[in-house]
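Comments concern the structure below.
The values are calculated or read from the model by the stated rules, or taken from the named source; none is laboratory data. Just so it is clear, the model here is predicted, and its values are computed rather than measured. Cβ: placed from backbone, ideal geometry, glycine included. Neighbour counts: every protein chain shown. Just the protein is used for accessible areas: all its heavy atoms, side chains included, with ligands, DNA and RNA removed. Shrake-Rupley method; radii C 1.70, N 1.55, O 1.52, S 1.80 Å.
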Amino acid sequence: MTTANGPGETGLEVKYCQTKAGLSLVDGMKVEGYASLFGHPDRSGDVVQPGAYAASLAQLKGEGRKVKMLWQHDPAQPIGVWDEVREDRRGLFVRGRLLRDVARGREAAALVEAGAIDGLSIGYRTKRAERDREGRRLLHEIELWEVSLVTFPMLAEARVGRKDEEPCGDPLHELVAAIEAVRQEMGAG
């Protein structure tokens, strides 16, 4: 789902990503996966282009700052640390640690391990984009702020755990998509 926070707020957009190559939980607290995939349209029709994160990642590194790891895009709920955030030929790869000393971090680890949470989502500002012939927004430059663990991802291909599972045709994924569509129509997104 791509949304802006409300009027008068930060204006950040969020994009959920759930991949079959997605997020894995290792040693109980370490997480890794793809928060964004290049060339894959999400449910709103946005398509992130290769290189879209390069300038933002370089600026963060130059300033000695890191992309934040949040719970469900809530800036009041950091749950861990992203130790590695990089673009590769597939998309935006992230690797980090959920923090044991943070109650929500322990809860997130348990939910990921159980398969109850399996989505990644980015919080960002669009710096440069254009529309293609099909009306999709092609995102060429993104200012990345955070990567969250989320319940309902926007991009059906970016998911936590179960790397070999195929999302297409899975009744659970279809149910999640239907719930998210209704939530959007009701203005809850």
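Taking LYS30, is it basic (Lys, Arg), over 14 Å from the mean Cα position of the chain (by Cα) and modelled with pLDDT under 95? Talk me through it step by step, then tell me what you get.
Values: basic (Lys, Arg): yes; over 14 Å from the mean Cα position of the chain (by Cα): yes; modelled with pLDDT under 95: yes.
When the stated conditions are applied, LYS30 passes them.
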Where residues in segment 51-69 are assigned to a loop (DSSP other than H, G, I, E, B) and within 16 Å of the chain's Cα centre (by Cα), which of them is farthest from ILE117 (Cα to Cα)? ALA52
Among the residues in segment 5-23, are any within 18 Å of LEU144 (Cα to Cα), part of a strand (DSSP E or B) and at pLDDT 95 or above? no
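Inside segment 70-189, counting only strands (runs of 3 or more DSSP E) that do not spill past its ends, which hold 3 or more residues that are open to solvent by less than 40 Å² (accessible area, probe 1.4 Å) and modelled with pLDDT of 90 or more? Explain how you work it out, then say what you get.
On the way: elements: 74-87, 91-98, 119-131, 137-150, 155-160.
Where strands (runs of 3 or more DSSP E) fall fully within segment 70-189 and carry at least 3 residues being open to solvent by less than 40 Å² (accessible area, probe 1.4 Å) and modelled with pLDDT of 90 or more, they are 74-87, 91-98, 119-131, 137-150.
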Looking at (1) without any contact (Cβ under 8 Å) to a residue 60 or more places away in the chain; (2) charged (D, E, K, R); (3) surrounded by 15 or more Cβ atoms within 10 Å (Cβ to Cβ), which is the only condition ASP46 fails? (1)
